[in-house]
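Peer 1: Once you've had a glance at the structure underneath, I'll fire off some questions.
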Ligand code: PLP
């Protein structure tokens, strides 16, 4: 039996989501721009999904744009802001805890002469508000922050953040990377003064390949993709009706049950962490305390065990975990890992694993991974090169 613990990478789509999408390939396949009945039907479904998401964020449906993924949303938000606001300044604030989608966009902008400044964070991986207050300047044009950290589960407290940013940097836009938090926590961009927000369907049991960008009505940035004028001219390209409808459904479904889902996940995460640290006392959780972090992400340092080796060893028992995006198949660098910003050295980063839960995680899954890790870790440590 499979035990899947890599939900921060992606989640298994809900069975209803898979079922719902089928209809769009067999029946409701019209182009939403077409004037006939089949087109109008598809257009209606998109409108309905946009409404479902608007309800969650409590924003106007017209301020939401469907994209191909969170990375596209983030790129549109960051590149668009810099193009539009460069006449006011070239200073950008962010953290060392960001996902590669934000980090690499900012690295590219640095090459073009933008000044990227990093906020200090505490040991649990949360940015220091005093530092933000200190570093905001009249020529700051963008503040881009992650909400729930994909590696550690650390949560950026949003209370008063947008207000502070706009008070100290009147021209700046505040972009929130809510890819790991959208639909799981209440986020209200308007009262929270969030100008731009990025999200993705596949983190809450929707399909991969469909993202969302919220853009406040007052934010005037250019589109990244131009062409046929879909999505009110802000994101051209024929809409992916099936995925959009599935996104709307998955988000609404999760959000309606979020409290019970999150509280069950929290119980399971605490049970798992306690069982593992009791059995192997050297194991140390990275990042926030079990109480403070998101209940679906647990990052553990297992000294003298290479995360990658443990990952493959667990895989033999159909147990799937994450080893952190720093050592994903696309990159081998460690200095960019949020764990480095928490003070971990390269060896510690290479010995850190990420166990991420979902609404499908059961007690049996927790028992299976606990048992397997108790057996494998002492064995793997015997073979470690010191
Ligand atoms: N931002 C964060 C925090 C993420 O966790 C991810 C995905 O892992 C992304 C952005 C990118 O999302 P997508 O794969 O939908 O482009």
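The values are calculated or read from the model by the stated rules, or taken from the named source; none is laboratory data. Everything numeric in this text was worked out from a predicted model, so none of it was measured. A quick note on method: Cβ atoms are made from the backbone with ideal geometry, for glycine too, and the neighbour counts reach across all protein chains shown.
Peer 1: Scan the range 205-236 for residues that are within 14 Å of the chain's Cα centre (by Cα) and over 24 Å from residue 254 (Cα atoms) and report the count.
Peer 2: Of the residues in that region, 0 qualify.
Peer 1: Further question on the same structure: Can you name every residue in the range 225-281 that is within 16 Å of residue 296 (Cβ to Cβ) and not in a helix (DSSP H, G or I)?
Peer 2: Once the filter is applied, which keeps residues that are within 16 Å of residue 296 (Cβ to Cβ) and not in a helix (DSSP H, G or I), the range 225-281 yields only 257.
Peer 1: A follow-up question, please. Take the residues of the range 190-204 that are more than 13 Å from the chain's Cα centre (by Cα) and touching a residue at least 40 places away in the same chain (Cβ under 8 Å): which is nearest to the ligand (Cβ to nearest atom)?
Peer 2: Applying the filter and picking the extreme gives 196.
Peer 1: Tell me yes or no: at least one residue of the range 70-86 is without any contact (Cβ under 8 Å) to a residue 24 or more places away in the chain and in a helix (DSSP H, G or I).
Peer 2: no
Peer 1: Suppose we filter 121, 149, 107 for residues that are in contact (Cβ under 8 Å) with a residue 60 or more places away in the chain and surrounded by fewer than 23 Cβ atoms within 10 Å (Cβ to Cβ); which single one remains?
Peer 2: Unique residue meeting the criteria: 121.
Peer 1: Picking from 122, 177, which residue would you name as being away from the ligand (no atom under 16 Å from the Cβ) and modelled with pLDDT of 95 or more?
Peer 2: 122
Peer 1: Can you confirm whether the range 87-94 contains a residue that is at pLDDT 95 or above, within 16 Å of the ligand (Cβ to nearest atom) and within 30 Å of residue 122 (Cα to Cα)?
Peer 2: Yes, the range 87-94 has at least one match.
Peer 1: Here's another thing I want to ask about it. For residue 232, which of the numbered conditions (1) surrounded by 23 or more Cβ atoms within 10 Å (Cβ to Cβ); (2) away from the ligand (no atom under 16 Å from the Cβ); (3) farther than 14 Å from residue 72 by Cβ fails to hold?
Peer 2: (1)
Peer 1: Another question, then. How about the range 205-222: which of its residues are assigned to a loop (DSSP other than H, G, I, E, B) and either farther than 16 Å from residue 59 by Cβ or near the ligand (Cβ under 8 Å from one of its atoms) (or both)?
Peer 2: 205, 206, 207, 208, 209, 210, 220, 221, 222
Peer 1: Out of the range 132-145, which residues are crowded, with 24+ Cβ neighbours inside 10 Å and out of contact with any helix residue (DSSP H, G or I) (no Cβ under 7 Å at 6 or more places or on another chain)?
Peer 2: 140
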